[in-house]
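Structure, as structure tokens:
The values are calculated or read from the model by the stated rules, or taken from the named source; none is laboratory data. Quantities reported herein were computed from a predicted structural model and do not represent experimental measurements. Because the Cβ atoms are built from the backbone with ideal geometry, glycine has one as well, and the counts that use them run over all protein chains shown.
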Amino acid sequence: MGPGIVVLFSLFGVLNGNVVNQISIEQCCKDGRERGVDHQDCPSLPLISESTTCRIVQEQCCAVVLEDAVCTNGINMAKDQGNCDTLFTGATCEIKTTKMCCDCCLLGRSAQEQGLPCDPSLSLGHQCVLVYRACCDDGSSDVETKPLVPEKVDEGVTEKDPAILSNLCSNGLAQCEQVCVGNGTCTCFQGYKLKPNEKNCEDINECLLGASNCRVGERCINTLGSYRCQREVSCGTGYELTDSNNCKDIDECESGTHNCGPDFDCQNSQGSFRCRPKNQCGSGFIQDAQGSCIDINECLSQMEPCQFGQQCINTLGSFICQRNSISCGRGYHLNTEGNRCVDIDECKASDGACVGHVCVNLVGSFRCDCKAGFVFNSISRTCEDINECRHYPGRLCAHKCENAVGSYKCSCTQGFKLSGDGRNCDDLNECENNPCSQECANVYGSYQCYCRRGYQLSDMDGINCEDIDECALPTGGHICAYRCHNTPGSFHCSCPATGYTLSPNGRSCQDIDECVTGTHACSETQSCFNVQGGFRCLSFECPANYRQAGENRCERLLCDQSSECLASPLRITYYRLTFPTNLPAPTVVFRMSPSNHVAGDDIQVAIVGGNEGRFFSTQRVPAGGVMSVARPITDAQDFELSLEMRLLRHGVTSNHLAKVSVFVVQEQSKLPQNTVPQLYSLCQKDICRKKLCYFSRPRVERSDTIRCVKSCQPNDISCVLDPVHSVSHTVISLPTFREFNKPEEIVFLRTMSPAHSFPHISSDIVFDILEGNIQNTFDIVKRQENGMILGVVRQVKALIGPQQTVLKLAMNYVTSGVVSHRNLVNVHIFVSEFWF
């Protein structure tokens, strides 16, 4: 049987407003079936009528034939091959239908082979269930069905033979499968229909055609030539389905399917049964499922078994009533009669159950309807404040949240103010209140004070501006040549009261040449000699027996051959020298030699007068002699030295005398004049170790430099050979420069050596940095100033503070390529993290 799903309505009326009169529905269906047999496209069949009803019937009847054919192919494949995977490689609707019918038929045949019922309990599709039953029922018969008519007729008989045509049914030539009527016409039994060959019959699926009379709740199941109705829902436990398709109670007691024990009698009930104990319990007891007698608690099972004011006490099989004393629980108290407990209205109490809130009385209790910001504590039965800040951290306020009774309030950190919404914070412009002494810059959440040029922000409060003492700054060590005077926001330099004038740059001091300007006080018979910071009035007269032979020379007159005259110098030459105090020793200051040199000359040079303090000494050099400073001259003073040179040439001795006027002037410090009290303690800490250490105090009141001068003990050879003559210490502090565009000069190393040495003497000063030059931040260059050699220490790279280092500098005095002696300067540098 090839099942198909077709819903046909008997449409003899009006469909879409069209009346069908010309062609009947049966003709439309017959045409559709014939075209389906020819495998035509059902949705696009040529119409035999303009009626919409005829078109629908024609298309659906065509589809039934195609679907039956497709499904029949699947069933045949299942029966013939027993496999459905051979030809199904596509995904068209026909292939899917063929495979579905093949698979469902295999399921039915498998159920028949396993002895399972042909009515599947699986939730398969309706068409699949029909195929399942058909293949299951078809496989149940092992007897081959023989055709009812012969397979073929005599080859000599033809349809044109009238005698044969009139007797086709009687002689079996019609080959009808079921019923043959007159003239060889085949018909089928009830529940079957003719196949398109009009000889064989196929089952009519009354379930598909809706021709069954199954009731609501029943499912139609097609059978060969008929159908049956089956309940969709089973009868359930304790019932069985009768042949009339009704549910009937199963008597478990009669059938013996109950599970009652030997001490119980079975009693049937609708859909179930009960086990009744054979032995009944007495009054006050109840039997359980096992037949045991259990005491009934009448105090709980009965409504007020005792009178009012009595207490029920259960006993085995009964109970007793006992008068009791009333004890009221929490929230109740005895009434005035003392016979029952009544509710206490806590809301009317004088102490107030819910202070400040709404009190609601309850039976045996009360509650508080708390105001906003409070929550009711059911244990303490009070309204407690809600700490919103703790419950909702970071969600209520932008900065700080402070809990309040019944509420909360927001506040802001310093530098902000509360905005209009009471929750967010806006930046507070502190500069509007002029918090700074000079300039103010507002920043987010704060402000920054800054100062005008010449002032710096106080480290104490960061608000007030303090005057920068440029004279005390480390970078101010070279601001003024002599003395620096601080003023509010600035400074000015000054020079000694006499002998100097301030240069146009406002910082350096220039010596006043009184001899040139005519401001000296020398008489007409005196000559004016300028010195640093002053002048000297000198008189020039040749002694007896001498005559003036030049501007500064006297020559001896002819002698009378007396020994005294012959022993006197041939010439007396007058020289004038000036240099500052603290000139390093030894420093050559004067050279004396014959005007011409002759081989074999014996020259002796000695100081014969004016050297009472032994500040000077002489030394023999090739072709002459030199006079040097033997030890530093710390105080300004004048010397009148007599330097004698004895020349032995060709056996003849001649004397020459040089009168040297030496004017030692006070050294002017180029370092800042502000004191650093800690420096004086350096000597007390024996920083100079075994050498004599003293604090150099120039005429100014304060100094920030310590000089340790070598002073050897007797027989201390190592000290004598040590080339270091002095060790100086100074302290400067540097800022962190915001912009570093060019080298910054920070320390000046002044020497008393002239820029051009004396003739025939090769001398120089070499400056060097020995230690402490972190990141090569500093260098030292040599220059000339006022005819003297000057070493300048510069900062050439930016240095970010805070940092500190000790820059060890060397001043090497070189004579003829050999270091004669050395002075060391230790510069203690402190770099601040602040900028100026």
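Structure summary
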| item | result |
| --- | --- |
| Check on Arg367, crowded, with 16+ Cβ neighbours inside 10 Å, of a type in the set (Lys, Arg) and under 30 Å from Asp345 (Cα atoms) | yes |
| Residue identified as outside the structural domain of Asp638 (by TED's automatic domain parsing), more than 30 Å from Glu640 (Cα to Cα), among the hydroxyl-bearing types (Ser, Thr, Tyr) and at pLDDT 85 or above among Ser490, Ser523, Ser458 | Ser490 |
| In segment 566-597, residue surrounded by the fewest Cβ atoms within 10 Å (Cβ to Cβ) [restricted to those that are more than 26 Å from Leu538 (Cα to Cα) and of a type in the set (A, V, I, L, M)] | Ala567 |
| Complete set of residues in segment 796-821 that are under 21 Å from Ile706 (Cα atoms), surrounded by fewer than 19 Cβ atoms within 10 Å (Cβ to Cβ) and touching a residue at least 40 places away in the same chain (Cβ under 8 Å) | Asn812 |
| For Gln532: the one exception among (1) without any contact (Cβ under 8 Å) to a residue 12 or more places away in the chain; (2) buried (at least 16 other Cβ atoms within 10 Å of the Cβ) | (1) |
| Qualifying residue in segment 707-724 (condition: more than 30 Å from Pro586 (Cβ to Cβ) and modelled with pLDDT under 80) | no |
| Odd one out for Val598, checked against (1) β-branched (Val, Ile, Thr); (2) assigned to a loop (DSSP other than H, G, I, E, B); (3) in contact with a Pro (Cβ under 9 Å, 6 or more places away or on another chain) | (3) |
| Members of segment 372-390 found to be closer than 12 Å to Tyr408 by Cα, outside any loop (DSSP other than H, G, I, E, B) and out of contact with any Leu (no Cβ under 8 Å at 6 or more places or on another chain), listed by number | Phe374, Asp385, Arg390 |
| Close pairs from segment 450-469: first basic (Lys, Arg), partner surrounded by 11 or more Cβ atoms within 10 Å (Cβ to Cβ) and part of a loop (DSSP other than H, G, I, E, B), Cβ under 8 Å, at least 6 apart | Arg452/Gln438; Arg452/Gly489; Arg453/Gly489 |
| Cβ pairs under 7 Å, 6+ apart, first in segment 100-126 and of a type in the set (Lys, Arg), second at pLDDT below 80 | Arg109/Gly139 |
| Any hit, segment 549-565, residues being crowded, with 18+ Cβ neighbours inside 10 Å, more than 30 Å from Asn786 (Cβ to Cβ) and of a type outside the set (A, V, I, L, M, F, W, C) | yes |
| Strands (runs of 3 or more DSSP E) contained entirely in segment 771-834, each with at least 2 residues that are in contact with a strand residue (DSSP E or B) (Cβ under 9 Å, 6 or more places away or on another chain), aliphatic (A, V, I, L, M) and under 17 Å from Thr736 (Cα atoms) | 818-831 |
| Count of segment 218-235 residues which are touching a residue at least 12 places away in the same chain (Cβ under 8 Å) and either basic (Lys, Arg) or closer than 18 Å to Leu124 by Cα (or both) | 11 |
| When residues of segment 195-226 are limited to those that are part of a strand (DSSP E or B) and among the acidic types (Asp, Glu), the one farthest from Val37 (Cα to Cα) | Glu218 |
| Pairs, first free of Cβ contacts under 8 Å to residues at least 24 places away in the same chain in segment 538-565, second in a strand (DSSP E or B) and among the hydroxyl-bearing types (Ser, Thr, Tyr), C-beta under 7 Å, six or more apart | Asn552/Thr573; Asn552/Tyr574; Arg553/Thr573; Cys554/Tyr546; Glu555/Tyr546; Arg556/Tyr546; Leu557/Tyr546 |
| Some residue of segment 599-615 being within 21 Å of Pro754 (Cα to Cα) and either out of contact with any Ser or Thr (no Cβ under 7 Å at 6 or more places or on another chain) or surrounded by 15 or more Cβ atoms within 10 Å (Cβ to Cβ) (or both) | yes |
| Those strands (runs of 3 or more DSSP E) lying entirely in segment 112-194 with at least 2 residues within 21 Å of Ile75 (Cβ to Cβ) and modelled with pLDDT of 50 or more | 192-194 |
| From the options Gly373, Gly422, residue that is surrounded by 14 or more Cβ atoms within 10 Å (Cβ to Cβ), outside the structural domain of Gln307 (by TED's automatic domain parsing) and not hydroxyl-bearing (Ser, Thr, Tyr) | Gly373 |
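This table checks each residue for (1) within 55 Å of the chain's Cα centre (by Cα); (2) at positive phi.
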position: Thr336; (1), (2): no, no
position: Gly364; (1), (2): no, yes
position: Arg381; (1), (2): yes, yes
position: Asp385; (1), (2): yes, no
position: Arg390; (1), (2): yes, no
position: His399; (1), (2): yes, no
position: Cys410; (1), (2): yes, no
position: Cys431; (1), (2): yes, no
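Quick grid of which residues meet (1) exposed (fewer than 15 other Cβ atoms within 10 Å of the Cβ); (2) at pLDDT 75 or above:
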{"residue": "Gly13", "(1), (2)": "yes, no"}
{"residue": "Ser24", "(1), (2)": "yes, yes"}
{"residue": "Gly32", "(1), (2)": "no, yes"}
{"residue": "Asp68", "(1), (2)": "no, yes"}
{"residue": "Asn73", "(1), (2)": "no, yes"}
{"residue": "Met77", "(1), (2)": "no, yes"}
{"residue": "Gly82", "(1), (2)": "yes, yes"}
